[in-house]
Every structure is written in structure tokens, then in C-alpha cells.
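So the structure is just underneath, and the comments pick up after that.
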Amino acid sequence: DAIPSADQIRITTSLKSQRGSAWTKNKSIFEHWEVEVTFRVTGRGRIGADGLAIWFTEEQGLDGPVFGAADKWNGVGVFFDSFDNDGKKNNPGVIVVGNNGKLLYDHQNDGSTQALASCQRDFRNKPYPVRVKITYYQKTLTVLINNGFTPDKEDYEFCAKVEDMVLPSQGYFGISAATGGLADDHDVLSFLTFQLTEPGKEVPTSDAEIPQKDKEKYQEEFEHFQQELDKKKEEFQKEHPDVQGQPGDDVFETVSDRELRQIFEGQNRIHLEIKQLNRQLDMILDEQRRYVSAVTDEIAKRGAGVPGQQGQVSQREIETVVKTQEEVIRQVNEIRNSMADTLRLISGAQHPGSAAGVYETTQHFNDIKEHLHVVKRDIEHLVQRNMPSSEKSKCPDLPPFPSCLSTMHFFIFVAVQTVLFIGYIMYRSQQEAAAKKFF
């Protein structure tokens, strides 16, 4: 089912139960080698199938059940498995499987019982082509992969390594792919093969170019294949005029649906984080109430036992501090109730908000930082103004308790600033979500 073109080969199309492969016609006689493969795996579904394989085998595996190639191969296959057959949620993944020509591939377990090395990489629907570099040098096979997130062609990262691996001295290179109940387009853009030589050894001379007769022969075969392909396309369209749109809609999603799903998942994570912060705020408020209650009880106990004008001044100072703490608690409770209302609005939202606000986050943080500095300064002025002028630089003396309440003020300021910060973020998200509905 492979379809060649001028700039790529589509090993399989995104149709069910397809198999395709491409193999070298001549055996490679390299003792040490390296291949660089560039490919794309794209599909409309959230998950794909079945995958793609890169081969070095003693004989050509032109057709078969292992990602479109023959089973019981003698050599090695590097499999890019898209579908999770064993249900372990470790796909898409890259698996290196060797075979001596006698083993059957364990497809139901995704080759986990036969894998010599593996790594978990998502190679589907990437913005740039995925690149793989496979090196076999001194009985060591190394697999490097470029995930296709950047245009940098040399941005490889380590995937797998197999040591003491003996491969046939001569063999064919190939690439194959297959689809099942689900389907992806498997496109190969390039397949480059290099011969490696040990340092100090003489580099072998390259073979002569392909003879002109062979070039003409290959070109004639290609044109003949293209003509047959065009005829089959016309026949298929005549026989199936309404074949488009038949796959199940529950399997596929549009680009906008995918973006909305990602935004909704991110909003759910924010929702959980805010709920956790709400629980922590409840704990802080409980501790604050207990502390204020303890201070009030101590004032009531010691009020009658401190005679004279000095005792009256200390009493007024303590009452001022207690009133200030109660005012702070009241304001924090109001902010907490506002946060709870915001959480209910987010929980009941049917459409996630716009993702455009991400680009304004830096400016928002700067505005919030300046606003919190103003709030902190105002609270400090309020506390200093409520205290007597002769005692502004000191805290009241309470023998059973710490001699200064500045640490408590600090924690209160931090709590207020945190609540204001979260409230402002939720307010901005709510405004942006409301604005999104008009577009």
C-alpha cells in the first residue's frame, strides 16, 4: 500500500488495515553503519495505530504482520509503536527488538517481553518532522531521536542503547508501517545511510554511480506505477463516492477541539490548586481565631490585677491590637467568600476561557506586585496609627506571650497578599472568559 512521490513515500495512508514498506534493492556490506531517517506520523485521532518500523535484516521482509513487514526476521527492528495493545499506557514508544530468524513477535504485549531497549516518546502530530539516528558501531546499537518540536535538525536526545549485539555482516535496510482499526498517515521524507570506519583505517572508495540504464529503468518503473495508481484512485472514487466522513466521529477531533480540550484540562488543574489554597487558608484562619481568643482571655484575666494608670494604658494598647486583628480576620473572610464564588463559577463554566491571556501574564504580575506593595504599606500605616504615640516603636508587654507581635503581622500580611494575588488572577481569568464568548 505504499505510495511514492517526488519528495516522500507514504508508507500507509490513514485508512484501516493498510500495510506498506520500502526496502533497499542491494545488500549493505558495511561492517559499521549509521542511518538517519526523517518521517512524519499524522492523524486526526487522539490515538493512532499501528506504527512504523526501521529494519536491518538479512533478507527483505516485503510484507507481513509486524508493522507491515515479515515476522521471523534475522536482524534488528526499531519499532515506533503508536497503539497501546497491552494497556500499560506506555505508548507511543520506541522499542528495539532483535531476532535470529526463529522468534515470533509478541504483538499483544507490544514486544515488551522481547525488547532489548526502549524509551517512551510521542512522535505523532509534531510541528516538524521527527528525526531518528541509529548507529551500529563495534557491536553497539544506539538510537537517538529528535522529537520534532524544533526546526533544529541536530537537536537529538538519547533514546536507547544495546551492547554486545551481533547483526548479520550483510543485510537490507527497510522501513515499513501498518494501520489497524485506527489509522495514521506514515510518511518517510528521507532515509540516509552512512558507512562508519574505525580511526586509523583507510576509508574505502565509494562505488561508482548508478549506470544510466538502471536510472532509466527505475524512472520507467516509477512512471508506470504512478499511472496505475491514478487509475486505481479514479476507480475507487467511482465505486465509493460517499466514502469520506465514514470513520467514527468519537475517535477524531478537530484542531479547535484539541485546543479547547487542552485549555479545559489546564483550567481543571488551576481549579484543584485553588481548592488546595482555600483549605490552607481555612487552617490559617482557625489558627488566627485561636490566637485572638487566647489573647482576649488573657486580657480578661489580667485586667483586674494591674492597677494604676500604667495598667490602663497597656489595656488600651492590647484592645487596639485585638480590634485590628479582628478587622483583618473579617476582611480575609470576605476575600475567602469571594474566592468561593469564583470557584463555583469556574466549576459551572461550559466553555473554557481564552488562552490569549498567557501572553499578558508578565505585565499582570508586575501590576499585582505594585498593588500588593500599596496594600502592605497601607496596613502598616493603619497599625501604627491605631497604636499610642508613645508606644509606636514598641509592642505591649505580655509575660506569658511573646513580647512583640511583628511576626504575627508579617504572616497576616503574607496571607492577605496571597489572597489578593489569587483573587486578582481569578478576576482576570473570568473577564477574559467573558470576553471570549463574543468572538
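Could you go through the stretch 77-89 in sequence order and give the Karplus-derived ³J(HN,Hα) for each residue, using 6.51 cos²θ - 1.76 cosθ + 1.60 with θ = phi - 60°, rounded to whole Hz, and x for Gly and Pro?
So the J values, rounded to whole Hz, are x, 10, 9, 10, 8, 8, 9, 8, 6, 8, x, 8, 6.
Going by the alpha-carbon gyration tensor, a ≥ b ≥ c the square roots of its eigenvalues, is the stretch 3-198 rounded (a/c under 1.5) or, if a/c is not under 1.5, prolate (a/b greater than b/c) versus oblate?
Because its axes are fairly even, with a/c under 1.5, the stretch 3-198 counts as rounded.
Could you go through the stretch 58-64 in sequence order and give the Karplus-derived ³J(HN,Hα) for each residue, using 6.51 cos²θ - 1.76 cosθ + 1.60 with θ = phi - 60°, rounded to whole Hz, and x for Gly and Pro?
5, 10, 5, x, 5, 7, x
Straight-line reach from Lys275: which aspartates and glutamates have Cα under 13 Å away, leaving out those fewer than 8 places along the same chain?
Those aspartates and glutamates meeting the cut-off are Asp341.
In the stretch 63-181, with Lys and Arg counted as +1 and Asp and Glu as -1 at Cβ, which of these residues, Leu116, Leu141, Asn99, has the Cα nearest the positive end of the dipole, that is, farthest along it?
Ranked along the dipole, the leading option is Leu141.
How would you rank 23-32, 93-102, highest first, on the average number of other Cβ atoms within 10 Å across their residues?
93-102, 23-32
Apply 1/(1 + (r/R0)^6) to the Cβ-Cβ distance of Tyr427 and Val322, taking R0 = 30 Å, and write down the FRET efficiency to the nearest 0.05.
The pair Tyr427/Val322 has a calculated efficiency of 0.40.
Please sort 190-197, 145-152 by packing, taking for each peptide the average over its residues of neighbouring beta carbons within 10 angstrom, highest first.
Averaged packing, sorted descending, gives the order 145-152, 190-197.
What ³J(HN,Hα) values, in whole Hz, does the Karplus curve 6.51 cos²θ - 1.76 cosθ + 1.60 give for the stretch 280-293 when θ = phi - 60°, with x put for Gly and Pro?
My calculation for the stretch 280-293 gives 5, 5, 4, 4, 5, 5, 4, 5, 5, 5, 4, 5, 5, 5 Hz in order.
Using the Cβ atoms and a cut-off under 12 Å, what net charge is assigned to the surroundings of Glu326, where Lys and Arg are +1 and Asp and Glu are -1?
+1
Out of residues 5 or more away from Ala70 or on other chains, whose amide H comes under 5 Å of its own, with H placed 1.01 Å from N in the peptide plane?
Gly61, Leu62, Asp63, Gly64
Report the gain in length on full extension from Lys16 to Phe158: 0.36 nm times residue separation, minus Cα-Cα distance, nm rounded to one decimal.
Taking Lys16 through Phe158 to full extension adds about 47.9 nm, to one decimal.
Structure shown: which of Lys72/Lys201; Lys16/Lys72; Lys25/Lys232 lie over 32 Å apart, alpha-carbon to alpha-carbon?
Lys72/Lys201
The numbers here are math on the coordinates, done by the rules we state, and not lab data. Source: prediction; values computed, not measured. Cβ atoms come from the backbone with ideal geometry, glycine included; neighbour counts cover every protein chain shown.
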